[in-house]
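The values are calculated or read from the model by the stated rules, or taken from the named source; none is laboratory data. Computed from a predicted structure; not experimentally measured. Every residue, glycine as well, gets a Cβ built from its backbone with ideal geometry; the counts of neighbours run over all protein chains shown.
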């Protein structure tokens with residue numbers, strides 16, 4: 001299929017004569033079209049679940065998850081991966097974003113690099129890609145050469161692969177074990193895939209990474225109990241979580257947070273079990289899920 005025939009490239013009849021409309025009407029059209037995104041994602045939840053399971057298997061085996069994209073897709077990947085580190089105390093080399101053109105492309109448009117298949121292979125080789133890793137390619141068109149090069153190389157290495165795209169029957173499908181085709185249709189501004197397509201990609205990556213973090217024991221109830229306490233706002237958030245779970249007052253929460261070395265899960269375990277910081281730290285090392293740790297320490 002030629003570029004001009006892709007749904008993401010076609011003119012959207014709902015935004016015809018867009019340049020003649022007043023600003024409020026333009027905003028309404030964009031807003032109405034953005035509502036399409038969540039509906040498109042709902043249709044591919046089973047495929048997203050497959051990617052989550054793929055990632056969980058890889059991480060439990062000591063592998064890593066790579067996000068690969070060019071332009072908007074690559075920048076969206078960086079946003080998701082980078083924010084996992086402080087939110088969940090995740091090491092930086094677990095979810096690894098790779099963008100065509102490297103870090104320069106994050107703040108500057110380098111559109112030509114998306115055609116560099118060999119560049120993708122070089123970038124993955126620089127990370128010493130292994131067979132126990134997962135490679136997730138992100139491309140609105142489902143045909144970006146840089147992403148294709150990455151997926152083909154990953155398959156050759158023995159990795160499991162996935163493709164997140166915004167078209168049906170993408171060209172790169174044969175290189176992916178799982179294809180997530182969130183069909184968001186024509187953009188309000190034809191071909192501007194930083195709009196609905198980009199929003200869908202960000203939402204899907206958020207869903208994948210968040211669900212993986214939950215299943216890795218980095219969430220208790222719906223609280224980010226593995227957060228890095230790096231500033232006053234996060235210290236207050238940490239104390240609020242401790243008080244919600246343990247019902248102690250904020251002064252006591254702050255005291256135990258400090259005693260735990262600013263580890264929310266450990267502070268909660270200390271309060272609820274009455275055990276020492278060392279005992280709680282040991283339990284959490286072997287059982288990173290706070291729910292499992294609480295159950296275990298209660299039975300001791």
Among the residues of the stretch 288-300, count how many are over 18 Å from residue 213 (Cβ atoms) and either in a loop (DSSP other than H, G, I, E, B) or under 29 Å from the mean Cα position of the chain (by Cα) (or both). 2
Residues that are modelled with pLDDT of 95 or more and surrounded by 13 or more Cβ atoms within 10 Å (Cβ to Cβ), at least 1 per element: which helices (runs of 4 or more DSSP H) completely within the stretch 61-137 meet that? 72-88, 117-126
Please find, within the stretch 73-98, the residue that is farthest from residue 238 (Cα to Cα) out of those that are in contact (Cβ under 8 Å) with a residue 40 or more places away in the chain and out of contact with any strand residue (DSSP E or B) (no Cβ under 9 Å at 6 or more places or on another chain). 90
Restricting attention to the stretch 244-287, report how many residues are assigned to a helix (DSSP H, G or I) and crowded, with 18+ Cβ neighbours inside 10 Å. 17
With respect to the numbered conditions (1) under 20 Å from the mean Cα position of the chain (by Cα); (2) modelled with pLDDT under 95, which one is the sole condition not fulfilled by residue 168? (1)
